[in-house]
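This report refers to the structure that appears directly beneath it.
The values are calculated or read from the model by the stated rules, or taken from the named source; none is laboratory data. Computed from a prediction, not measured in an experiment: that's the story for all the values here. Please note: Cβ atoms are built from the backbone with ideal geometry, for glycine as well, and neighbour counts cover all protein chains shown. Quick note on the areas: whole protein, heavy atoms, side chains included, nothing else; ligands and nucleic acids left out. Shrake-Rupley method; radii C 1.70, N 1.55, O 1.52, S 1.80 Å.
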Amino acid sequence: MSVRAREGAHQQQTFIDNLQCFPAYIRAQIQAVDLADVWARVQIMHTVDGHPFCRYRDGEHWVQINSAHPVTQAQNWANPLGLADLRALFVYGAGFGYALTEVLHRVHSDTVVVVFEREIHIFIAMLHAFDLRPLFQKHDKCIFFIGDTVDIAQHFSALLLTEHVYDLTMPSVVYAPETKHFKTQYTQLHQYVFDRLAQQTFARGNDHYDSLLGLHNMVDNAGVIAESPFLPTLKNRFQGKPVFIVANGPSLDRNIHLLKQIGGKGLILCCESAIAPLMKNGILPDAIIVAERVPASYLYHFQNVQYPDTIALLALTVADPRTFRSFSGPKIPIFRSMESNSQWLNRILADGEGLPGGINVSHLAFELAVYVGADPIVFVGQDLAFGADGTTHSRHAKYTDEGQDYIEGIKQGPVVYVEGNDGALIPSTPAWVDYKKWLEQLIQALPALTVINATAGGARIEGTQRGELQDVINQYCTANLPHTLHGLIASVKQGIDVKERQKSLQHLIGELRKYVEIYRALKKFAAETSTATVCVWEDDKQPASPERQQRLQAAYAQNKRALARFLQPHVHHVFLQQPILYGLHRINRLGALHSFARLRDALWLQVTLFDHLALVCDSLAQNFRTAAEKATRCATAADDISQSGSEQNEPTRQ
């Protein structure tokens, strides 16, 4: 055996050639690493047969990544895995090339392979030792992520927002042999990957009615949007000032009284349902944050309630229209920046600026705090867990008096245990844990920001500092804010040319009518595709033959291309992603489509998928027509008001 002492010209050229096979973000990641550091951590040795294998310095110790017989080791590892039968595969560790080679040689050509290599120095050494181009030419459905959760977060999240996520609903998982040296790190990485995958699946999972409710609410709110300031009104207007996000957890009752001391020296953002406890304790927040679209949001917290004009309403545009109409104070409707309906209406009615919104009102509140430039951000009442006595919310919450069915539903659901702020395990729910993880990812993305958890109980939130609310107020609430939130919004509202903005309503009406025709055409196309596929399926029954299998493969591929019409950028994915995700998941469960029987099964599932898409598109055509009629009435009412105002202001003619 010989130790690789220095990098030769041949290995350098191999490295350069390999590097061109990777996307820009991987190349940038690799090029940021000092090669001297690589060779200080990695030794490449060779077997008597000339095969390279790797030793890696982990702290003070050297670990051998491959055995002295790396080819045999990788083959023995891969033999029992059944790799040829998989639809999608997550590979942890590239195995210094040997595990990766076995995987890509054995999987089906349609299998999507996602490789997570945590140790970038080993990965770079591998790119010097092996020419991987023939592998990638043979299998072009391979995606790489390098590093720990922080390193991969941005690009893995971006992947899950693309059409690739439809291929990843049924992934199998393998760990390359060398991962035994990094068990804890790869276990954490795996947990992160599947948490993100689950969250994205959840985020795409609104039922059709819920999505339609959001559309109709946004159209109904078009008039309010036209006369309200847009989100950039708040951009960095409270730079470096403390913002307190108050949620409705059971521990809020223990320190809610301290919030009175903030007194204009910090911003208080109230997560919708916390407004009742705050008002009952004589505490006026600067804003109520609303993320829900369902009628209960209005009925619990806004119906027959008159809030002081010093409180602002910062609500998603999908909120119940009665919430906006009943609120007399300053308000800013907020569009979601990652949701197709909201993006589309934002371009028509507003300025295109929005926020992701998360999956819970606390996520929206956190994003708003970041948007206004807050530092620090302080959580209060953010329990995300049951109280010690089994309570779910503050005793002053509306739910306590009027929402017993809601609370009982929470209590009767499954219970999971999480680490509490005191270090002990405390009971929570799967939904609250999901909210916590999402919040932790928002915090993780902003390492320079100070985030303090001053909740008087509840679950530990990763990435936050622990702090007693009294100490936090004493430390950070030392000077008055430069302006009030309600005053800022009111001053911008005075300068709005409402009449000019209302012209966008005519544009909205035209767009809604255009989409009525688009969805009618897509319904027709989906129905025709389904019918044509049934004909192929009926014609190619048993017995199987290579010719029949080819026809099935051709029909299946043609349907995949047809599906792309429902994923085009101008189509509202929020309505179509559920049937597509469900339909493709059922196909993914079949595994690799390498047999006549599986192809027939997959083709029939495509029939069902296009039938579902036809139903959804028919519903959309009808609902967009209804929305256009509502927008027309809104525009007519706005014109009448405008005309009435013009007549009243017109000079009297003698």
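Overview of values
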item: 5 angstrom amide H check on LEU86, placed H, neighbours 5+ away; result: HIS108, ALA592
item: TRP62 accessible area, assembled protein chains, probe 1.4 Å, Å²; result: 90
item: Approximate spin-label separation ALA198-GLN622, in nm, with each point projected 7 Å along Cα-to-Cβ; result: 3.7
item: Relative packing of 104-116, 149-161, which averages over residues the other C-beta atoms within 10 Å, highest first; result: 104-116, 149-161
item: Cα lying deepest toward the dipole's positive end in the chain, options ALA557, TYR435, LEU215, charges on Cβ; result: ALA557
item: Segment VAL71-HIS585, extension gain: residue separation times 0.36 nm, minus the distance between their alpha carbons; result: 181.6 nm
item: Theoretical gain in end-to-end length, GLN191 to GLN306 [0.36 nm per residue, Cα-Cα removed]; result: 36.8 nm
item: Net charge dipole size for segment 88-239 [Lys, Arg +1 and Asp, Glu -1 on Cβ; Debye, nearest 20]; result: 320
item: Peptide ranges 274-280, 190-196, 492-498 listed from the most packed, as the mean C-beta count within 10 angstrom indicates; result: 274-280, 190-196, 492-498
item: Computed helical MRE - 222 nm, the chain, DSSP H runs ≥ 4 contributing -39500 (n - 2.57), nearest 500; result: -15500 deg cm²/dmol
item: Among ILE332, VAL63, ALA628 - extreme Cα towards positive end, dipole of the chain, charges at beta-carbon; result: ALA628
item: Charge dipole magnitude, Cβ of K and R +1, D and E -1 - the chain, Cα centre, debye nearest 20; result: 700
item: Computed lengthening from ALA479 to VAL33, 0.36 nm per intervening residue step minus Cα-Cα distance; result: 156.1 nm
item: Cross-link reach list, aspartates and glutamates versus LYS180, counting only Cα pairs under 19 Å and skipping chain neighbours closer than eight places; result: ASP58, GLU60, GLU102, GLU117, GLU119, ASP148
item: Simple Cβ-charge dipole of segment 468-538, Lys/Arg +1 and Asp/Glu -1, about Cα centre, in debye nearest 20; result: 560
item: Label assignment, semi-axes √(5λ) of the Cα gyration tensor in Å derived from the structure, set (i) 49, 35, 23; (ii) 82, 32, 22; (iii) 65, 49, 21; result: (i)
item: Heavy-atom surface of the chain, accessible at 1.4 Å and reported per residue (Å²); result: 44
item: Eligible aspartates and glutamates near LYS499 by straight Cα distance, threshold 18 Å, same-chain separation 8 or greater; result: ASP220, GLU227, ASP351, ASP639, ASP640, GLU647, GLU650
item: Restraint check, LYS280/LYS398; LYS235/LYS436; LYS260/LYS411; LYS235/LYS280, Cα-Cα greater than 22 Å; result: LYS235/LYS436; LYS260/LYS411; LYS235/LYS280
item: Charge-dipole axis of the chain as Lys and Arg at +1 and Asp and Glu at -1 on Cβ define it, positive-most pick from PHE302, PRO277, LEU425; result: PHE302
item: Those lysines that a straight Cα-Cα span of less than 30 Å connects to LYS523, excepting residues fewer than 8 apart in one chain; result: LYS514, LYS541, LYS560, LYS630
item: With every protein chain in place, the chain: carbon and sulfur % of accessible area (1.4 Å); result: 51
